[in-house]
Amino acid sequence: MSEELLRRIRLGGERPKHVAVIMDGNGRWAAARGLPRHLGHREGMKAVREAVEAAVEAEIEVLTLYAFSTENWKRPVTEVTALMGLLQLYARKERAELRRKGVEVHVLGDLARVDGVTRAAIDGIVEETRGGTALRLNLMISYGGREELVRAARLLAERVRAGQLTPDAIDESTLSGALFTQGLPNPDLLIRTSGEYRISNFMLWQLAYTEMHITDVLWPDFGREHFFEALLDYQTRDRRFGRVTAG
């Protein structure tokens, strides 16, 4: 089935260059099976692998995964510790395979709150995959859209105070250059699992004209077929960016 979906994608027209994913539903997946939440997060690691492999096969240029939000720090300490442990595990287990597939990993977010062991694991996967050309994989860790905009405002204010920038020179391009995603195209497609219709403080600036694909599938059950179906859905969209189609 995957091969047939991939064939249809290749024949279906323009593909998104940048796909972003809100990976939601790990806790509900575990609760439905009478399991602790951390086992849902662990199962979600398999879905991450599926999404990355699907993105490579579909020749997507950038894949951005919302791995750990700033709000996640408010969860119980045991759950946060388990999530940090899973990040360490993912970095150790996957980096060699990601490098082999040509995936270059970047970690975006406020990493000041991340513990030393997790930070070392993150630095390791970033360094080992540097130079990959098949896919850029952004892992958003300790990330929040509002916090990103506040950070950007502070950076620009500092440049103004230093005489490097005038207020009148600040435009959309200047602000975009102060974001974590500087230099990247905005997402063409946002996938959200678990059927929730909200963006949860994710890439508030970058998602202004992004197409959305909402699926009821919980993240641990999300496979490459679901990823390909989202791409096919995207290919049916008429993207006007606020303009009116002539005719």
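A compact table of results
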| item | result |
| --- | --- |
| Hits in segment 42-68 - residues which are closer than 14 Å to G102 by Cβ, in a helix (DSSP H, G or I) and among the acidic types (D, E) | E53, E57 |
| Residue within segment 71-80 that is aromatic (F, W, Y) and crowded, with 18+ Cβ neighbours inside 10 Å present | no |
| Search result, residues across segment 143-188 that are touching a residue at least 12 places away in the same chain (Cβ under 8 Å) and of a type in the set (K, R) | R146, R151 |
| Those residues of segment 200-213 which are of a type in the set (S, T, Y) and buried (at least 16 other Cβ atoms within 10 Å of the Cβ), in sequence order | T210 |
| Looking only at segment 123-153, and only at residues there that are closer than 18 Å to L98 by Cα and among the polar types (S, T, N, Q), the one that is surrounded by the fewest Cβ atoms within 10 Å (Cβ to Cβ) | T133 |
| Residues satisfying the stated conditions in segment 97-142, i.e. in contact (Cβ under 8 Å) with a residue 60 or more places away in the chain, in a strand (DSSP E or B) and either farther than 19 Å from G85 by Cβ or out of contact with any helix residue (DSSP H, G or I) (no Cβ under 9 Å at 6 or more places or on another chain) (or both) | L108, L135, R136, L137, N138, M140 |
| Breaking point among (1) in a loop (DSSP other than H, G, I, E, B); (2) of a type in the set (A, V, I, L, M, F, W, C); (3) surrounded by fewer than 20 Cβ atoms within 10 Å (Cβ to Cβ), for A31 | (1) |
| Unique match (being acidic (D, E) and either over 23 Å from T133 (Cβ atoms) or crowded, with 21+ Cβ neighbours inside 10 Å (or both)) among E57, E14, E50, E43 | E43 |
| Residue selected from segment 222-240 under the condition assigned to a loop (DSSP other than H, G, I, E, B) and not β-branched (V, I, T), by the criterion farthest from E57 (Cα to Cα) | R240 |
| Residues of segment 142-163 satisfying the condition of being of a type in the set (D, E, K, R) and over 22 Å from V107 (Cα atoms) | E158, R159, R161 |
| Single residue of D238, D188, D216, D168 found to be among the acidic types (D, E) and in contact with a Gly (Cβ under 8 Å, 6 or more places away or on another chain) | D216 |
| Single residue of segment 156-199 satisfying the filter (more than 19 Å from the chain's Cα centre (by Cα) and surrounded by 13 or more Cβ atoms within 10 Å (Cβ to Cβ)) that is nearest to G44 (Cα to Cα) | L175 |
| Any hit, segment 73-88, residues being under 14 Å from the mean Cα position of the chain (by Cα), within 27 Å of R113 (Cα to Cα) and in a helix (DSSP H, G or I) | no |
| Qualifying residue in segment 102-122 (condition: in contact with a Gly (Cβ under 9 Å, 6 or more places away or on another chain), of a type in the set (S, T, Y) and crowded, with 19+ Cβ neighbours inside 10 Å) | yes |
| Residue match in segment 47-70 (condition: without any contact (Cβ under 8 Å) to a residue 60 or more places away in the chain and over 21 Å from R15 (Cβ atoms)) | no |
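Coordinate-derived values only; no laboratory data. Worth saying up front: this structure is predicted, and the values here are computed from it rather than measured. Cβ atoms come from the backbone with ideal geometry, glycine included; neighbour counts cover every protein chain shown.
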